[in-house]
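Notes for the one structure printed next.
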Amino acid sequence: MTDYKPQELDKKWQKRWTDSRAFEVATDPARPKFYCLEMFAYPSGHAHVGHVRNYIIGDVMARTKRMRGFNVLHPFGWDAFGLPAENAAIKTGTHPETSTLGNIAHMKGQLQRLGISYAWDREIATCLPDYYKFNQWIFLKMLERGLAYRKRSTVNWCPVDNTVLANEQVVDGACWRCGTIVERRDLEQWFFRITQYADELLEGLETLTDWPEKVVVMQRNWIGRSEGARVTFPVAGPVAGAPAGIEIFTTRIDTIYGATFVILAPEHPIVEKFAAESPDPAAFRAKNAKFRALDRGARLTGAIDKEGFDTGRTAINPFTGKEVPIWIANFVLAEYGTGAIMAVPAHDERDFEFARKYSLPIRIVVISRGRESESPSPSAATTNYGRLVNSGPWDGQEAPAVITKMIADAEKRNIGKGEIQYRLKDWGISRQRYWGTPIPVIHCAKDGVVAVPYADLPVELPKVATFTGRGDSPLAQVPEWVNVTCPKCGGPARRETDTMDTFVDSSWYFLRFCDPANNVLPFDPEDAAYWMAVDFYSGGVEHAILHLLYSRFFTRVLRDVGLVKFDEPFTRLLTQGMVLKNGAVMSKSKGNVVDPDDMLQKYGADALRLYTMFVAPPEKEVEWSDAGLEGSFRFLVRMWRIVDHWAASVASHQPPATLGALTDSERALRRKTHDTIRRVTADIEERMHLNTAVSSLMELVNELYTFSDGTAHGQPTRGEGSAPRASAETSATLAVVREALEALVVMVSPFAPHTAEELWAMLGHAEGLAKTGWPSFDAEVAKADEVVVPVQINGKVRARVTAAAGASEDRLRELALADPAVKAHTEGKTIRKVVVAKGPLVSVVVS
RNA sequence: GCGGAAGUGGCGGAACGGCAGACGCGCUAGCCUCAGGAGCUAGUUGGAGCAAUCCAGUGGGGGUUCAAAUCCCCCCUUCCGCACCA
């Protein structure tokens, strides 16, 4: 027998693939395309098996689709800007570019050693000027369209990373990257107006039928659209000498007759005016300051007690005309709605709790269906819609219908209007760091903010030699870079020293892959029209909101710019599960990282690939197991042996044109072969159940062993090698075996490409698998001659009868009732019903 | 609190109203071996039985159905996401 030496096969076939440019592709409108993409990688240094699992999932898809006749784009690249490299530079002095490019080289080697079939010609790295030039290009387009703008605002500041974070990047009040509790700072920042696309991004979610429901829900919640009304409560008496009003936002205008007080966020602008006019301004401010601090600090870490105080002022409820007190409370958010609410304690749990605590009036205005008895002091808020009471002219009407009418009434009386609020905020993209894309604008004393002309792109990062880690922008410390002349007036000016959030880089990289060398445009619209959208996209669920929402936003912006014609970039999304070791996510700090290279040395790339696909469905989390890996290795050896065992005989044998008289076992093997083709194809392409695809292939191998046992060839270990022995077998046998082996080798090749290529050659094929088609399923062959039909009696299987494959229902019923075991169970009882179900299966009801 | 997903042998997991536990790991026995941490064969949900076979069984409780791991209702547990969003 030929020895199975996977490490040698890995090298041999990887070299052939590279030399023959097997996975490079070109735009070809004559052929159907398939764009298969895995989320590109941050070049942290080493990929562990958790990362690698995702690349293998994509590779199985890409390799399968190639053999299924598609022109497959399967590229890879590097999300190469980012803080870790810069932080490392501060510590070690190594320039981020040096460490990043080094890491890329290492990780690329790792992926190549795994035999992932990437079109490496299209490799991109976002830290290279030829890529980030187009971050700047897109930024300028957005600036022109008013989608990029600058404003002073309170932002999330991470004191460890020394930079601003977008709302999406703050998790539980802490930095998503380093876990530090974020601070608030007022800074002049660049924003992308993603809120302009809020409704579109929300509606687009409906079309994402091949995305995990979970991700769609997360995005929907994040966008957080709520329909309601903005209503003005006039303040009783003048404020700072003039009449004033407090605007509140509510989704429940139907409860407005129950609004017995108004609450302001501590940050609300009118608060300071109230303070100034209060009897003791200093005490007022001190109280409020306490809430501001408490609000910020405590809200981040968890539940806080609702606290507040009376401003001493009152407002007029514009519907009841009554005066209501104005309070300030820590649970009202300045950044949502108008920063002020009408409090309806009877019908809002938070307001109820607050009213109870401070003995504020509670007024019931909604009666839920079926609860006609209204108690004067309710024990809890009732938040359901219902029939209005104590609501003047609106009494007896029901929400939600009455809400529309009340909004219309408010509009007519000019005291309010219908409004839609979003939780989604504009995306702050300024970062006070070095290792990112320079924002391509120039600040001129005369002309203000001036865009860098397109012709001057890219604005390259200056070579900074030392990294201090001080909190100001590192770029500001390079005067020869900062000081420029204004493109408009030629006078002295300064460059913008902030860089872009790295999520900008990843928001359009999938488009760049369509045309990665273009130096005029981010990509050619025709190439994008051919390749996009991404047909299959896989990556971690941690990007469910950030990257995936930003990419959907960018795609729409580029659509409006005229570069693409579609809305959604990713047709089908798979969120792959993480690989755990000892119950924990792999990480360097925990010391539980499994390096793929160690596994390759021991078992070769294919065993690792096969194992990670077999262990569980792709979207499930899995626990790493060395034993499991070994099991997959054993399967490869077992497959190797059975192919090797028959190869010489089968390869020299031309299959007859027709497969005439076959023995029962030969027919059974063909059936198994075709049934396996059907199952594996559906498992990979439709269901993405890669684990069961592998199981089916294992079953086919088991079947081949059993079949061999009944032939002159015998089983591999009992036979003595792979010398041709065609004389001992009928040509029908060889043809059937050949069909099975070839189907097996082709279908296993997405999982174990190196082994498969070698076996394919062993079977006598000069052309590699890249040029091979997927086996086709023959329903005729897969059809069984005979079927075993289970017979249920009162729901329990009591017998099995054998029937011809196409037997009629009547025949099946007859056979079932004639069976001795069935008779024994029905004896002395009355047969009430006999059901013949597809399957087939016979179900008998007796009593 | 709200939303989502899930709960099946010793373990990873199969089974998208029709034979529960495919496939693999582990374990047991046999064969083959100088040897076996290799390979091959057989067995492996629990209980009863020499056996054929029978009983129970998919987190718990109800329901729909000839038939439920699967569909519906209630409850429990776990994981994930959001979390005072007015």
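The values are calculated or read from the model by the stated rules, or taken from the named source; none is laboratory data. Quick caveat: nothing in here was measured; it's all calculated off a predicted structure. Using ideal geometry, Cβ is built from the backbone for each residue, glycine included, and neighbour counts are taken over all protein chains shown.
Which ones in the range A:517-545 are buried (at least 23 other Cβ atoms within 10 Å of the Cβ) and in a helix (DSSP H, G or I)?
Across the range A:517-545, the qualifying residues are A:528, A:531.
Any idea which of A:496, A:526, A:460 is more than 16 Å from RNA strand B (Cβ to nearest atom), closer than 22 Å to residue A:119 by Cβ and touching a residue at least 24 places away in the same chain (Cβ under 8 Å)?
A:526
Evaluate the range A:389-406: report whether one residue or more is surrounded by fewer than 20 Cβ atoms within 10 Å (Cβ to Cβ), of a type in the set (Val, Ile, Thr) and away from RNA strand B (no atom under 16 Å from the Cβ).
yes
Quick one: is residue A:649 assigned to a helix (DSSP H, G or I), away from RNA strand B (no atom under 14 Å from the Cβ) and hydroxyl-bearing (Ser, Thr, Tyr)?
yes
Which condition does residue A:693 not pass, out of (1) surrounded by fewer than 20 Cβ atoms within 10 Å (Cβ to Cβ); (2) of a type in the set (Gly, Ala, Ser); (3) within 25 Å of the chain's Cα centre (by Cα), if it passes all the others?
(1)
Residue A:599 - would you say it is surrounded by fewer than 20 Cβ atoms within 10 Å (Cβ to Cβ) and under 21 Å from residue A:616 (Cβ atoms)?
Judged against the criteria, residue A:599 is not a match.
Please determine whether any residue of the range A:176-183 is in a helix (DSSP H, G or I), within 13 Å of RNA strand B (Cβ to nearest atom) and surrounded by fewer than 18 Cβ atoms within 10 Å (Cβ to Cβ).
The answer is no, given that none of the residues of the range A:176-183 is in a helix (DSSP H, G or I), within 13 Å of RNA strand B (Cβ to nearest atom) and surrounded by fewer than 18 Cβ atoms within 10 Å (Cβ to Cβ).
Which members of the range A:436-477 meet the condition of being modelled with pLDDT of 95 or more and hydroxyl-bearing (Ser, Thr, Tyr)?
Result: A:437, A:454.
Scan the range A:55-76 and tell me whether some residue there is under 20 Å from the mean Cα position of the chain (by Cα), within 27 Å of residue A:599 (Cβ to Cβ), in a helix (DSSP H, G or I) and polar (S, T, N, Q).
no
When residue A:253 is evaluated against the numbered criteria (1) surrounded by fewer than 21 Cβ atoms within 10 Å (Cβ to Cβ); (2) over 30 Å from residue A:430 (Cα atoms); (3) hydrophobic (A, V, I, L, M, F, W, C), which criterion, by number, is the only one it fails?
Single failed check for residue A:253: (1).
Name the single residue, out of those in the range A:483-499 being of a type outside the set (Lys, Arg) and part of a loop (DSSP other than H, G, I, E, B), that is surrounded by the most Cβ atoms within 10 Å (Cβ to Cβ).
So the residue we want is A:498.
Condition test on residue A:89, is it among the hydrophobic types (A, V, I, L, M, F, W, C), buried (at least 21 other Cβ atoms within 10 Å of the Cβ) and more than 26 Å from the chain's Cα centre (by Cα)?
yes
Determine the pairs where a residue that is of a type in the set (D, E, K, R), located within the range A:710-739, has a partner that is surrounded by fewer than 14 Cβ atoms within 10 Å (Cβ to Cβ) and at pLDDT 80 or above with Cβ atoms under 9 Å apart, the partner being 6 or more residues away or on another chain.
The qualifying pairs are A:718/A:709; A:725/A:712; A:729/A:712.
Could you list, in sequence order, the residues of the range A:787-832 that are more than 11 Å from RNA strand B (Cβ to nearest atom), loosely packed, with under 11 Cβ neighbours inside 10 Å and over 22 Å from residue A:664 (Cβ atoms)?
Selection gives A:810, A:818, A:827, A:828, A:830.
Working carefully through the options A:511, A:548, find the one that is assigned to a helix (DSSP H, G or I), farther than 24 Å from residue A:441 by Cβ and of a type in the set (A, V, I, L, M, F, W, C).
On inspection, the qualifying residue turns out to be A:548.
For every residue, the table says whether it meets (1) within 23 Å of residue A:419 (Cβ to Cβ); (2) of a type in the set (A, V, I, L, M, F, W, C); (3) within 7 Å of RNA strand B (Cβ to nearest atom); (4) in contact (Cβ under 8 Å) with a residue 12 or more places away in the chain.
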| residue | (1), (2), (3), (4) |
| --- | --- |
| A:320 | yes, no, no, yes |
| A:324 | yes, yes, no, yes |
| A:333 | yes, yes, yes, yes |
| A:336 | yes, no, yes, yes |
| A:340 | yes, yes, no, yes |
| A:347 | yes, no, no, yes |
| A:350 | yes, no, yes, yes |
| A:355 | no, yes, no, yes |
| A:358 | no, no, no, yes |
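Which one is nearest to residue A:596 (Cα to Cα), of the residues in the range A:609-646 that are of a type in the set (D, E, K, R), in a helix (DSSP H, G or I) and within 10 Å of RNA strand B (Cβ to nearest atom)?
Once the filter is applied, the top-ranked residue is A:626.
State which residue is farthest from RNA strand B (Cβ to nearest atom) when the search covers only the range A:205-264 and only residues that are assigned to a helix (DSSP H, G or I) and farther than 30 Å from residue A:619 by Cβ.
The residue in question is A:257.
In this structure, does residue A:135 turn out to be surrounded by 16 or more Cβ atoms within 10 Å (Cβ to Cβ), on the phi > 0 side of the Ramachandran plot and more than 16 Å from RNA strand B (Cβ to nearest atom)?
No; evaluated as a whole, the condition is false for this residue.
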